Amino acid sequence: DAEITQSPRHKITETGRQVTLACHQTWNHNNMFWYRQDLGHGLRLIHYSYGVQDTNKGEVSDGYSVSRSNTEDLPLTLESAASSQTSVYFCASSRTRSNEQFFGPGTRLTVL
Amino acid sequence: DQQVKQNSPSLSVQEGRISILNCDYTNSMFDYFLWYKKYPAEGPTFLISISSIKDKNEDGRFTVFLNKSAKHLSLHIVPSQPGDSAVYFCAARDTGNQFYFGTGTSLTVIP
């Protein structure tokens with residue numbers, strides 16, 4: 001069955017370190033998204049991609065970057081982790097830009 | 001500023017009764033609305049949606065109502081079951097295909 005996976009599921013890191021969160025989908029969806037979920041804020045869009053080599057900033061993109069070298073993967077990089085980036089991160093994909101999104105299981109990141 | 005708001009962080013309902021989850025939005029340009037359901041330690045899963053040209057969409061026990069003049073939508077679950085206990089997020093899509101999510105409502109269905 002097609003699916004979307006995230007790794008690691010849990011990560012603890014220190015302030016200032018570079019961290020990369022992986023997202024892999026097997027639906028062959030062109031559209032992929034990264035969100036963070038924080039209490040009181042719901043899900044907020046960090047970055048998104050509509051296809052290979054396409055990346056776009058979302059609502060809360062500062063301190064994050066993404067790259068899209070193939071259809072299946074959209075890794076999220078925190079260049080220099082900050083305590084404010086402690087959160088649960090969800091990757092999602094969709095068949096079209098306007099359709100509902102399919103979410104991965106999430107990565108809980110703690111920055112100490 | 002939060003464009004999609006769920007003002008009730010939690011809701012408890014007896015099994016078999018109706019659950020009503022509410023969502024308000026501020027952007028009149030939103031043209032598509034969705035509800036997602038989320039269990040602990042899992043990602044959100046799509047539940048039901050409604051286009052802005054409709055005022056009601058039904059799928060089994062789940063019905064979404066849209067009141068555009070009030071910028072309000074609601075999700076009705078009838079009858080509620082213990083397996084419906086989860087966090088429910090409403091979301092709205094703008095004309096640029098950006099999705100905005102509410103803060104979620106935690107539903108507990110009491111057996």
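Sorted by average packing, counted as other Cβ atoms within 10 angstrom per residue and highest first, what order do A:56-64, A:41-49, B:88-96 take?
The packing order, highest mean first, is A:41-49, B:88-96, A:56-64.
Mark the label point 7 Å from the Cα of residue A:73 along Cα→Cβ and return the residues of the range A:4-24 whose backbone N is within less than 17 Å of it.
Flagged as within label range: A:4-9, A:19-24.
Taking each residue in B:61-72, count the Cβ atoms of any other chain within 10 Å of its Cβ, then average. What number comes out?
On the way: counts 0, 0, 0, 0, 0, 0, 0, 0, 0, 0, 0, 0.
Other-chain Cβ atoms within 10 Å of each residue's Cβ, averaged: 0.
For residue B:38, which aspartates and glutamates qualify as cross-link partners when the Cα separation must be under 13 Å and same-chain residues fewer than eight apart are set aside?
Once the sequence-local aspartates and glutamates are set aside, what remains near residue B:38 is B:84.
For the range A:39-102, rounded, prolate or oblate, judged on the Cα gyration tensor with a ≥ b ≥ c (square roots of eigenvalues), a/c < 1.5 rounded, else prolate if a/b > b/c?
Here the range A:39-102 falls in the oblate category.
Report the relative contact order of chain B, percent, no decimals, based on alpha-carbon pairs under 8 angstrom and at least 6 residues apart.
Taking the mean separation of contacting Cα pairs over the length of chain B, I get 38 percent.
How high is the relative contact order of chain A, in percent, with contacts defined as C-alpha pairs under 8 Å that are six or more residues apart?
It comes to 35 percent, rounded to a whole number.
Tell me the trypsin sites (Lys or Arg not before Pro) within the range A:60-112 that lie in a loop according to DSSP and have at most 16 other beta-carbon atoms within 10 Å.
A:95, A:97
Every read-out reported here was derived from the displayed coordinates using simple, explicitly stated rules and does not represent laboratory data. Just so it is clear, the structure is predicted and the values come from calculations on it, not from any experiment. In this analysis, Cβ positions are derived from the backbone assuming ideal geometry, glycine residues included, and neighbour counts consider all displayed protein chains.
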